[in-house]
Amino acid sequence: MIKAGIIGSTGYAGAELVRLLTQHPETEVCWCGSRSYIGERFSSIYRNMFRIVDEKCLDDNMEELAAEADVIFTATPQGFCASMMNDKILSQTKIIDLSADFRLKDVAVYEKWYKLEHKSPQYLPEAVYGLCEINREQIKNTRLLANPGCYTTCSILTLYPLVKEGLADPNTIIIDAKSGTSGAGRGAKVANLYCEVNENIKAYGVTIHRHTPEIEEQLSYACGKPVLLNFTPHLVPMNRGILVTAYANLTGDVTNEDIQAAYEKYYGQEYFIRLLGPGACAETRWVEGSNFVDIGFQLDGRTKRIVAMGALDNVVKGAAGQAVQNMNLMFGLPENLGLTQLPMFP
């Protein structure tokens, strides 16, 4: 059995990790860390785990945990994992970090967008970006995994085949993305109160959202040149879900068959990516509670543009589910082990 420790287990992503790993046939959760709830039973915070996970929450002592766990998941705010990282920890255990601390290779870009000093930039070269469908082989051999975020996962997967195959001009990309409120975390914030969110939709982080450079960096790797794009996120009054609608100029007389062939080339054998085909619109309700990503597209012959659409559950494939998928790869297990939950509806 893989012994897994979770730091930040009482946030939404951390709690989802507890839920998924508790059901994983090859994993034992040995540590539910939570600075805010030390000494309290996990099931008293998340009553859905009553009589299932009744252990008390522990602290965030990563050095002590590293000696006990085979893998540590850090579902923590930006800056925490980088501040704790050292050679001793990495020599004892594997790290799957759900924050942005090791996603960006250029430390100056990280510090500019996140307004934080990076505490362990020496580990950036070895960290692997954990987008399983694209970086599978590198993930298998790493000890430090940067788990992508929800907006970035959906945006990159939706666009990757198009820029990789040169079907869409990467410097004309506009991404309109919408998220459920769980994406903002569990902390108490006025902007996330029921009366503030209900019956409303709003854009935020316009032109300055910190996931922008992450999307640009990964798509730059895909097309082999720098990418500059517009990314605008929106908050919608639902618990879970990410919907990405991405627009880009076509590079020539591209047909539906060309686009579908590109998606099939990269995702046709992927368990967690469901290709809906031309004319189909992805919807968040059909992926809720699952690790699936649904992708559809529509060509616009009038404007010579493509509209590509992707949907996923931001807490599962956008966070905890992808982290478990990465763990499976890192330990040589079947990639979908413990992740075959079907989408929930209604």
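Amide H to amide H, with H built 1.01 Å from N, PHE231 comes under 5 Å of ILE175, THR207, counting only residues 5 or more places away or on other chains. For CYS150, CYS57, the sequence from fewest to most other C-beta atoms within 10 Å is CYS57, CYS150. With all pairs of separate Cα atoms included, region 2-126 yields a Kirkwood hydrodynamic radius of 15.0 Å. Between ALA248, ALA191, ALA168, the Gaussian network model of the chain with springs among Cα atoms under 10 angstrom shows the greatest mean-square fluctuation at ALA191.
Summary value for region 2-126: 23 percent relative contact order, contacts being C-alpha pairs under 8 angstrom separated by 6+ residues. Taking each DSSP H run with n ≥ 4 as -39500 (n - 2.57) and averaging over every residue of the chain yields -8000 deg cm²/dmol at 222 nm.
Within region 2-126, DSSP assigns beta bridges of which about 5% are antiparallel (rounded to the nearest 5). Sequence-ordered 3J(HN,Hα) estimates for region 229-241 from the Karplus curve with 6.51, -1.76 and 1.60 and θ = phi - 60° stand at 9, 9, 10, 10, x, 9, 9, 10, x, 9, 6, 10, x Hz, glycine and proline given as x. Once both labels are positioned 7 Å from their Cα atoms along Cα-to-Cβ, the gap between ILE208 and PHE50 label points is 4.4 nm. Here the Karplus curve 6.51 cos²θ - 1.76 cosθ + 1.60, taken at θ = phi - 60°, turns the phi angles of region 46-51 into couplings of 10, 5, 5, 9, 4, 6 Hz, with x standing for Gly and Pro. For the chain, no complete DSSP H run has alpha carbons reaching 24 Å or more along its own long axis together with a mean Kyte-Doolittle score of 1.6 or higher.
Residue order for SER182, SER43, fewest other beta carbons within 10 angstrom first, comes to SER43, SER182. Extension gain for the segment SER43 to LYS189, taken as residue separation times 0.36 nm less the Cα-Cα distance, is 50.2 nm to one decimal.
Place a +1 charge on the Cβ of each Lys and Arg in region 151-314 and a -1 charge on the Cβ of each Asp and Glu, then give the dipole magnitude about the Cα centre in debye, rounded to the nearest 20.
Taking the Cα centre of region 151-314 as origin, the dipole is about 380 debye.
Each residue of region 170-185 was assigned a 3J(HN,Hα) from its phi angle through the Karplus expression (A = 6.51, B = -1.76, C = 1.60, θ = phi - 60°), giving x, 8, 10, 6, 10, 10, 9, 10, 10, 10, x, 6, 5, x, 8, x Hz with x at Gly and Pro.
In plain terms, the C-alpha convex hull of region 1-72 casts an average shadow of 4.2 nm² when viewed from every direction. Peptide packing: for 257-265, 193-201, the average count of neighbouring Cβ atoms within 10 Å per residue gives the ranking 257-265, 193-201, highest mean first. For LYS3, the residues 5 or more places off, or on other chains, whose built amide H falls under 5 Å of its own are GLU28, ASP70, VAL71.
Any chance you could count the Lys pairs in region 151-314 whose alpha carbons are under 16 Å apart, treating pairs 8 or more apart or on different chains as valid? Pairs that pass both the separation and distance tests number 4. Across region 283-346 the C-alpha pair distances fall into 5 Å bins from zero in the proportions 4, 18, 21, 17, 14, 10, 8, 6, 2, 0 percent. Taking Cα centre as origin and charging only the Cβ of basic (Lys, Arg, +1) and acidic (Asp, Glu, -1) residues, the dipole magnitude of the chain rounds to 520 debye. Around the Cα centre of region 2-126, unit charges on the Cβ atoms of Lys, Arg, Asp and Glu (plus for the first two, minus for the last two) sum to a dipole of about 380 debye. Scoring 319-329, 12-22, 46-56, 128-138 by mean Cβ neighbours within 10 Å over their residues and listing the highest first yields 319-329, 12-22, 128-138, 46-56. For ILE273, the residues whose amide H sits under 5 Å from its own are VAL293, ignoring neighbours fewer than 5 places away on the same chain, with H placed 1.01 Å from N. Of all beta bridges that DSSP places with both ends in region 1-58, some 10 percent have antiparallel geometry. The ratio of the alpha-carbon radius of gyration of the chain to the globular-protein estimate 2.2 N^0.38 Å is 0.96.
Inverting the pair-averaged 1/r between distinct Cα atoms of region 151-314 gives 16.2 Å as its Kirkwood hydrodynamic radius.
DSSP finds beta bridges in the chain, and of those with both partners inside it, around 45 percent are antiparallel.
Based on C-alpha pairs under 8 angstrom that are at least 6 apart in sequence, the chain has a relative contact order of 17 percent.
Taken together, the values in this text are just the output of simple stated rules run on the coordinates, not laboratory data. None of these values were measured; they are calculated from a predicted model. Don't worry about glycine lacking a Cβ; one is built from the backbone with ideal geometry, like all the others, and counts go over all protein chains shown.
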